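Structure first, then comments.
The values are calculated or read from the model by the stated rules, or taken from the named source; none is laboratory data. It should be emphasised that the depicted structure is a prediction, and the values quoted were computed from it without experimental measurement. Every residue, glycine among them, receives a Cβ derived from its backbone with ideal geometry; neighbour counts consider all protein chains shown.
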Amino acid sequence: MTTTQDRSTDEANATDEPSDPSSSATNPVGHSQPGFELPDGEEPAATCERCARPFPTTMHHDLHLGEVHAEALTGRERERYEDALEAETDELFVYHLKVIAALAGMYAVLVLVYMVVLSL
Ligand SMILES: [Zn+2]
């Protein structure tokens with residue numbers, strides 16, 4: 001008897017579930033937006049005013065504005081997007097230099113080991 005009552009209350013709770021998104025929609029920061037959950041106790045550095053998506057840095061926020069909301073940017077937002085894009089390009093260039101240096105180092109070590117093995 002109690003199990004059927006439990007089931008009926010579970011079903012009642014299940015039908016109440018659709019009312020929950022309305023409560024999460026009132027979340028001012030948008031932490032519960034699907035696909036963009038933050039770890040507990042972590043606050044975003046910036047949040048998009050247009051789609052409520054949180055970002056770990058303001059640079060990521062500026063890049064998001066230029067790539068997703070490009071049609072509605074103000075002059076200041078476009079300027080920040082171009083600065084962030086340039087900073088990202090510089091970081092990517094340095095990353096590529098590090099990858100090339102790592103590959104060259106591994107190749108040099110491999111050649112040295114091969115030469116040592118052949119001389120034995
Ligand atoms: Zn957005």
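Structure values in brief
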{"quantity": "Count of residues meeting criterion [modelled with pLDDT under 60, touching a helix residue (DSSP H, G or I) at 6+ places or on another chain (Cβ under 9 Å) and surrounded by fewer than 15 Cβ atoms within 10 Å (Cβ to Cβ)] in the range 19-49", "calculated": "0"}
{"quantity": "All positions within the range 50-78 that are in contact with a helix residue (DSSP H, G or I) (Cβ under 9 Å, 6 or more places away or on another chain), of a type outside the set (A, V, I, L, M, F, W, C) and in a loop (DSSP other than H, G, I, E, B)", "calculated": "ARG50, ARG53, HIS69"}
{"quantity": "Subset tally (residues that are more than 42 Å from the chain's Cα centre (by Cα) and aliphatic (A, V, I, L, M)) for the range 98-120", "calculated": "5"}
{"quantity": "Single residue of LEU85, LEU73 found to be at pLDDT 95 or above and under 25 Å from PHE36 (Cβ atoms)", "calculated": "LEU85"}
{"quantity": "Every residue from the range 99-120 that is aromatic (Phe, Trp, Tyr) and modelled with pLDDT under 95", "calculated": "none"}
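Residues are listed down the side, and each one gets a yes or a no for (1) of a type in the set (Asp, Glu); (2) on the phi < 0 side of the Ramachandran plot; (3) within 16 Å of the ligand (Cβ to nearest atom):
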{"position": "CYS48", "(1), (2), (3)": "no, yes, yes"}
{"position": "ARG53", "(1), (2), (3)": "no, yes, yes"}
{"position": "HIS69", "(1), (2), (3)": "no, yes, yes"}
{"position": "GLY75", "(1), (2), (3)": "no, yes, no"}
{"position": "ARG78", "(1), (2), (3)": "no, yes, yes"}
{"position": "GLU91", "(1), (2), (3)": "yes, yes, no"}
